[in-house]
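The values are calculated or read from the model by the stated rules, or taken from the named source; none is laboratory data. Model, not experiment: these values are computed from the prediction. Positions of Cβ are backbone-derived with ideal geometry, glycine not excepted, and every protein chain shown enters the neighbour counts. The accessibility values were calculated without ligands, DNA or RNA, using every heavy atom of the protein model including side chains. Shrake-Rupley method; radii C 1.70, N 1.55, O 1.52, S 1.80 Å.
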Amino acid sequence: MNLQEYQARDIFARYGLPVPRGEVASTPAEARAVAERLGTRVVVKAQVLVGGRGKAGGVRLADTPQAAEEAARAILGMHIKGLKVRKVLVAEAAEIASEIYLGLVIDRAARRAALMASAEGGVDIEEVARRSPEKIVKVNIHPFLGLRDYQARELAWGIGLEGEIIKDFLRVADGLYRAFIEVDASLAEINPLVNTPQGRFVAVDTKIVLDDNARFRRPQLADLSGEVEENPREAEARQHGLSYVALGGDIGCLVNGAGLAMASMDVIKLYGGEPANFLDVGGGAGADKVATALRLILSDERVSAVLINIFGGITRCDEVARGILEATEEIRPRVPMVTRLVGTNEEEGRRILADADLITAASLAEAAQKAVQLARQRTSSNREESP
């Protein structure tokens with residue numbers, strides 16, 4: 001579960017991390033009142049679970065309470081990547097001498113938590129990793145020993161910190177690690193961790209992703225889920241036991257098995273397409289679950305074609321085929337669908353689809369090529385029809 005920025009900063013504050021003073025507001029008047037209480041220059045930030053808020057106009061500086069009110073009025077109600085802004089964080093603006101990235105993730109290859117730092121803060125760490133991987137310093141943390149001071153010092157030296165500020169960096173790194181472990185996070189990051197002209201650190205932008213599988217161990221965090229604004233399709237998928245992640249492409253993906261789903265998206269990319277989603281219906285998906293998954297995919301207006309890739313181990317291919325027909329009879333899909341069925345009862349599944357005149361493929365490569373071609377044809381047709 002992704003937490004809103006204000007939720008993450010509240011957790012970090014409990015672990016002694018230096019977050020700027022601030023409060024959440026739901027109306028322009030509330031934003032003005034917060035700015036008045038702070039009595040400083042503030043930044044008004046949209047609280048939505050997407051990146052690129054600044055580029056979309058969702059982050060604005062305000063020198064006065066009136067300016068904060070006007071900024072909140074402009075931000076509240078706007079849509080950023082499909083999500084409506086319902087709250088803003090009004091926080092004390094920090095003076096910036098330099099910016100650092102500091103974050104913790106699970107290194108699955110090492111089977112340990114990894115603490116990463118970079119002198120290039122304030123930008124996407126993925127972009128830094130792609131463009132200048134040598135600028136990211138990383139240490140893996142022993143699960144029993146925890147973060148050691150010498151490891152944090154290695155990071156500090158690795159990103160060019162010197163003198164007394166290293167002590168502050170060690171305190172921030174320790175607080176971040178304790179928060180990461182004690183809330184069962186899969187990611188915890190500060191980007192940027194600002195070094196002010198006065199030589200102190202401020203955690204300006206904070207992020208936490210909680211491990212859903214550990215929710216039962218953290219009942220004190222259960223109430224946070226009700227305040228999280230998330231993609232409605234992702235929320236509905238979770239209610240039906242589906243793993244769904246919205247992406248930015250136009251080819252919907254319905255697959256059983258996370259590994260096969262990732263491979264399917266890779267093959268779509270290989271043939272020049274862009275996946276619209278990750279969707280794993282699970283190993284024992286019956287007709288009703290497949291129908292629900294297909295309805296979710298087709299509810300995305302960006303989808304121009306659908307690729308269904310099923311390996312019938314536990315899942316029976318004929319059950320999947322019936323689920324597809326059930327969904328198409330109810331929804332009457334506006335886009336073409338390509339289905340690849342392999343495994344248990346695959347012949348029966350293919351026969352069911354063939355009798356309904358639906359498009360099938362014998363291999364994943366063939367299915368992906370057909371889906372990409374059909375998506376392009378539909379996109380071209382829509383462009384020709386538009387004035």
Protection proxy (average C-beta count within 10 Å per residue), highest first, orders 238-249, 195-206 as 195-206, 238-249
Label points 7 Å out from Cα along the Cβ direction at residue 111 and residue 379: separation in nm?
4.3
For region 151-201, calculate the relative contact order in percent as a whole number, restricting contacts to Cα pairs under 8 Å that are 6 or more residues apart.
32
Give the carbon-plus-sulfur fraction of the accessible surface of region 271-369 in %, rounded to a whole number; probe 1.4 Å, heavy atoms of protein chains only.
48
Evaluate the relative contact order of the chain (contact order divided by residue number), counting alpha-carbon pairs under 8 angstrom at least 6 apart; express in whole percent.
13
Surrounding net charge for residue 104, when Lys and Arg each add one and Asp and Glu each subtract one, Cβ distance under 13 Å
-2
Any idea what % of Cα-Cα pairs in region 297-336 are farther than 17 Å?
36
Computed magnitude of the charge dipole of the chain (debye, nearest 20; Cβ of K, R +1, Cβ of D, E -1)
360
Distance-filtered residues of region 320-338 - backbone nitrogen under 16 Å, label point 7 angstrom along residue 351 Cα→Cβ:
320-322
Based solely on C-alpha atoms, express the radius of gyration and the Dmax of region 298-387 in angstrom.
13.8, 49
Diffusion coefficient in µm²/s returned for the chain by Stokes-Einstein, Kirkwood Rh over C-alpha pairs, 20 °C and 1.002 mPa s, is 92
Could you give the angle, 0 to 90 degrees to the nearest 10, between helix 287-298's Cα long axis and the longest principal axis of the Cα atoms of the chain?
60
What is the projected area of the convex hull of the Cα atoms of region 90-141, averaged over all directions, in nm²?
4.9
Angle in degrees between helix 258-270 and the longest Cα principal axis of the chain, rounded to the nearest 10:
80
Amide H proximity to residue 343 below 5 Å, modelled H, separation 5+ or other chain, gives 312
Note on region 1-125: alpha-carbon gyration tensor, axes a ≥ b ≥ c; rule is a/c under 1.5 for rounded, else prolate if a/b larger than b/c, else oblate; result prolate
Where only alpha carbons of region 237-387 are counted, the Rg and the Dmax (Å):
14.0, 49
So what's the back-of-envelope 222 nm ellipticity for the chain, counting only DSSP H runs of four-plus at -39500 (n - 2.57) apiece and dividing by all residues, rounded to 500?
-12000 deg cm²/dmol
Tell me the trypsin sites (Lys or Arg not before Pro) within region 78-113 that lie in a loop according to DSSP and have at most 12 other beta-carbon atoms within 10 Å.
108, 111
What is the angle, in °, between the Cα long axis of helix 28-38 and the longest principal axis of the Cα atoms in the chain? Nearest 10 is fine, range 0 to 90.
30
Provide the descending list of Cα extents for region 118-164 along its principal axes, expressed in whole angstroms.
33, 28, 17
Express as a percent, rounded to the nearest 5, the fraction of DSSP beta bridges in the chain (both residues included) that run antiparallel.
75
Once you treat every alpha carbon in region 59-162 as an equal point and sum by Debye, what is log10 I(q)/I(0) at q = 0.10, 0.14, 0.18 Å⁻¹?
-0.47, -0.78, -0.94
For residue 126 and residue 29, compute 0.36 nm times the residue count separating them, minus their Cα-Cα distance, and round to one decimal in nm.
31.2 nm
According to a simple spin-label model (label point 7 Å from Cα along Cα-to-Cβ), what is the distance in nm between residue 235 and residue 135?
3.8
Normalised convex hull volume, region 166-322, alpha-carbon set, Å³ per residue
172
Restricting to Cα pairs under 8 Å and 6 or more apart, the percent relative contact order of region 290-387 works out to 32
Links that overshoot a 22 Å alpha carbon limit, given the list 55/135; 84/289; 81/289; 55/81; 45/84
55/135; 84/289; 81/289
